[in-house]
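Written out below as structure tokens is the structure these notes cover.
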Amino acid sequence: MAIIKTIDSLTGFLSRRKITIQCHNYPDADTIGSGFALWQYFSDHGIDVRLVYGGSHKIAKSNLRMFVDKLHIPIEHVEDGYRTDGLLITVDCQYLSSNIIHIEADEVLMIDHHRQGENIDRIRELDIECHSCIKEHYGSCASVVYQLFQKSRYSMSLEVSTALYYGLYMDTNEFSEVRHPADREARDELVFDDRIFMLLKNSNLSAEELKQAGASLQNFDSKGQLAVIESVQCDPNVLGMIADMMIRVENINTAIVFNRLNRDDYNPEQSDIYKFSVRTCVGEIRANELAELIAAPMVDSVRIGGGGGHRLKAGGMVNVGLFEKYLREQGSYETFNEYLYRVFEEYSSIARIIYSDSYDFDDLVRYAEKYEETQYVMGYVCSTEIAEEGRPLLIRGTAGDVREKVSPELYIMVSCRGEVVTVSRSEFLQRYRDCEGPLNMVDFSEYDEPRIVIDQSGRKFYLKNRLHCCTFRKPQYVWVVPIEKLGTPVKLVDSKWASSDFRFGNITDYLVINEKQHSEISIVDSVRFSAIYKKV
Ligand SMILES: [Mn+2]
């Protein structure tokens with residue numbers, strides 16, 4: 001039985017003599033850049049390291065070939081059955097997941113930013129050493145590596161820093177999806193070689209690929225707000241680019257591009273596969289959930305494929321043989337194209353959507369009961385405890401960057417969910433009081449605990465160790481609706497952030513509404529719920 005240990009520094013692995021770093025199949029800039037950075041780190045410490053990837057597709061895209069050449073990235077393609085006798089690090093991917101070839105190892109470290117899937121359960125059944133640093137909220141694996149480097153006190157070469165910067169750039173849709181503080185920090189702090197970066201930026205497509213994208217766009221088809229294209233034969237990386245273009249069409253808020261690769265192109269599956277890319281641009285639809293749903297049906301207790309990614313960008317693959325078997329079992333004759341439209345329809349109707357600023361409170365309150373928030377321990381620090389009065393501060397929170405000046409009037413608070421807010425001294429004293437700790441660091445680490453405050457001298461503070469504990473002065477009352485009573489899951493769109501995201505509330509979760517401020521509505525899982533709320 002493997003226990004997966006979470007790590008936040010690389011220094012513990014410096015005693016290893018041999019390391020294999022594995023990128024995912026069909027490598028992209030993020031996996032190559034992150035893999036290279038880790039390769040350099042361990043090489044600099046005198047360790048024998050190899051950087052490898054597998055699968056039938058060798059790196060072919062022009063920008064990726066240039067990336068590897070210009071930065072002298074020593075990545076090697078290896079065949080199935082490759083074995084390693086030291087530590088295996090999977091980068092931008094996870095052990096036993098469907099997008100990498102299997103490399104047998106006794107010790108594994110997963111460095112990634114994708115959601116953890118069923119592979120995690122299978123790892124737990126193995127008899128191996130397993131470590132992980134998986135930050136699901138980060139926009140790129142490069143950001144995860146950058147955080148690890150800071151905690152490991154590693155100063156990067158310009159080449160390594162450029163590699164991470166380009167990985168972040170490509171994985172965040174040209175920095176348009178840098179939402180997590182760690183991504184913004186990497187974007188602002190990584191130094192890069194401008195000549196190489198410009199060259200890469202403008203070599204994204206080969207002439208042939210541009211023509212393939214153009215030909216594929218002729219197949220544009222849409223129903224409602226979903227557009228689907230079956231692309232011509234092309235590199236799977238081009239699928240994402242086509243989808244990026246489709247999503248820009250007016251009234252289209254979700255796009256799916258797919259093509260069929262034959263088994264010669266993709267050995268591990270022993271069958272033809274559909275490769276697909278999903279893009280969305282609205283809060284109610286999550287690309288990663290849609291991708292998972294497309295690949296979710298089971299045949300003979302095997303999933304027909306694998307899918308996942310991020311809120312706005314995701315992708316995956318479906319095994320054609322299994323898909324056809326699934327259709328036969330369903331007595332269905334639909335094409336893959338029709339199947340995609342159906343999945344989308346099911347996904348869109350599956351949950352009740354609640355907009356925090358415009359939902360019908362009276363309708364919900366029928367199912368609600370009143371509770372009191374108890375022992376809700378938050379962290380706070382007065383800004384003058386961090387720096388001298390008058391210093392400019394940059395506060396990186398999950399909702400955005402805030403600029404403030406240090407003053408005895410400025411208090412910084414961190415909720416146990418890791419959100420950073422600023423309050424005035426008078427509001428703080430009126431609403432909160434000091435209390436005994438400790439802070440709940442479990443939720444902290446989900447968002448990468450250290451909310452970071454930087455002043456313009458370049459000093460950076462991890463808040464975690466500077467926080468005092470506080471709690472509400474007066475009891476806080478809330479309305480609670482068990483989502484089960486609504487009969488369907490819920491998607492809560494917090495309109496404060498321009499409907500760009502939502503939280504998915506499962507049937508076992510609770511909706512919690514502030515008694516006085518009805519737009520302060522949140523989703524709480526059952527474990528947290530029983531820990532924090534008490535029936536009035
Ligand atoms: Mn990535």
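The values are calculated or read from the model by the stated rules, or taken from the named source; none is laboratory data. Keep in mind that this is a model prediction, so the values were computed, not measured. Reconstructed Cβ throughout: ideal geometry from the backbone, glycine too, with neighbour counts over all protein chains shown.
For this structure, a couple of remarks:
- Among the candidates Arg83, Arg115, residue that is within 13 Å of the ligand (Cβ to nearest atom), more than 16 Å from Trp39 (Cα to Cα) and surrounded by fewer than 19 Cβ atoms within 10 Å (Cβ to Cβ): Arg115
- Taken over the stretch 123-146, the residue count meeting the criterion of being surrounded by fewer than 21 Cβ atoms within 10 Å (Cβ to Cβ) and either closer than 22 Å to Ala29 by Cα or within 16 Å of the ligand (Cβ to nearest atom) (or both) is 4.
- Taken as a whole, the stretch 344-354 holds no residue that is touching a strand residue (DSSP E or B) at 6+ places or on another chain (Cβ under 7 Å), in a loop (DSSP other than H, G, I, E, B), surrounded by 13 or more Cβ atoms within 10 Å (Cβ to Cβ) and not small (Gly, Ala, Ser).
- Out of Thr162, Thr172, sole residue that is buried (at least 22 other Cβ atoms within 10 Å of the Cβ) and touching a Phe, Trp or Tyr at 6+ places or on another chain (Cβ under 6 Å): Thr162
- Residue tally, condition at pLDDT 90 or above and either surrounded by 20 or more Cβ atoms within 10 Å (Cβ to Cβ) or farther than 26 Å from Ser62 by Cβ (or both), over the stretch 223-246: 11
- Every residue from the stretch 304-331 that is in a strand (DSSP E or B) and in contact (Cβ under 8 Å) with a residue 40 or more places away in the chain: Gly305, Gly306, Gly308, Gly309, Lys313, Gly315, Gly316, Met317, Val318, Asn319
- From the list Asp448, Asp401, Asp443, the lone residue that is part of a helix (DSSP H, G or I) and modelled with pLDDT under 85 is Asp443.
- Filtering the stretch 1-39 to residues that are out of contact with any Asp or Glu (no Cβ under 9 Å at 6 or more places or on another chain), within 23 Å of Asp183 (Cα to Cα), crowded, with 17+ Cβ neighbours inside 10 Å and among the polar types (S, T, N, Q) leaves only Gln22.
- In the stretch 140-186, residue farthest from Thr90 (Cα to Cα) [restricted to those that are of a type outside the set (A, V, I, L, M, F, W, C), modelled with pLDDT of 85 or more and within 12 Å of the chain's Cα centre (by Cα)]: Asp183
- Of residues in the stretch 164-188 being in a helix (DSSP H, G or I) and away from the ligand (no atom under 13 Å from the Cβ), the one farthest from Val402 (Cα to Cα): Tyr165
- Verdict on Ala296 being closer than 28 Å to Pro489 by Cα, modelled with pLDDT under 90 and assigned to a loop (DSSP other than H, G, I, E, B): yes
- Scoring Ile196 on the criteria (1) within 18 Å of Pro27 (Cα to Cα); (2) of a type in the set (A, V, I, L, M); (3) modelled with pLDDT of 95 or more; (4) part of a helix (DSSP H, G or I) leaves a single failure, condition (1).
To keep it simple, each residue is scored yes or no on (1) closer than 21 Å to Tyr166 by Cα; (2) polar (S, T, N, Q).
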position	(1), (2)
Ile111	yes, no
Ile120	no, no
His131	no, no
Glu136	yes, no
Gly139	yes, no
Ala142	yes, no
Gln147	yes, yes
Gln150	yes, yes
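- Within the stretch 33-51, if we keep just the residues that are within 17 Å of Gly167 (Cα to Cα) and either hydroxyl-bearing (Ser, Thr, Tyr) or in a strand (DSSP E or B) (or both), the residue that is nearest to the ligand (Cβ to nearest atom) turns out to be Ser34.
- Restricting the stretch 6-16 to residues that are part of a loop (DSSP other than H, G, I, E, B) and modelled with pLDDT of 95 or more, the residue that is farthest from the ligand (Cβ to nearest atom): Ser15
- Residues of the stretch 147-159 classified as of a type in the set (S, T, N, Q) and either in contact with a Ser or Thr (Cβ under 7 Å, 6 or more places away or on another chain) or buried (at least 22 other Cβ atoms within 10 Å of the Cβ) (or both), total: 1
- Matching residues in the stretch 87-109 - criterion: being assigned to a strand (DSSP E or B) and within 13 Å of the ligand (Cβ to nearest atom): Thr90, Val91
- Selection status of Glu372, farther than 22 Å from Thr488 by Cα, outside any helix (DSSP H, G or I) and not hydroxyl-bearing (Ser, Thr, Tyr): yes
- Near pairs, Cβ below 7 angstrom, 6+ apart or cross-chain, from the stretch 123-144 (outside any loop (DSSP other than H, G, I, E, B)) to any residue that is away from the ligand (no atom under 15 Å from the Cβ) and of a type in the set (Asp, Glu): Glu129/Asp106; Glu129/Glu107; Cys133/Asp8
- The stretch 1-46, residues that are in contact with a helix residue (DSSP H, G or I) (Cβ under 9 Å, 6 or more places away or on another chain), more than 25 Å from Ile59 (Cα to Cα) and hydroxyl-bearing (Ser, Thr, Tyr): Thr6, Ser9, Thr11
- So Met245, is it under 19 Å from Gly117 (Cα atoms) and hydrophobic (A, V, I, L, M, F, W, C): no
- Residue match in the stretch 151-160 (condition: within 15 Å of the ligand (Cβ to nearest atom), in the same structural domain as Phe36 (by TED's automatic domain parsing) and in contact with a helix residue (DSSP H, G or I) (Cβ under 9 Å, 6 or more places away or on another chain)): no
- Single match in Asn288, Asn259, Asn319 (criterion: under 27 Å from Tyr138 (Cβ atoms) and among the polar types (S, T, N, Q)): Asn288
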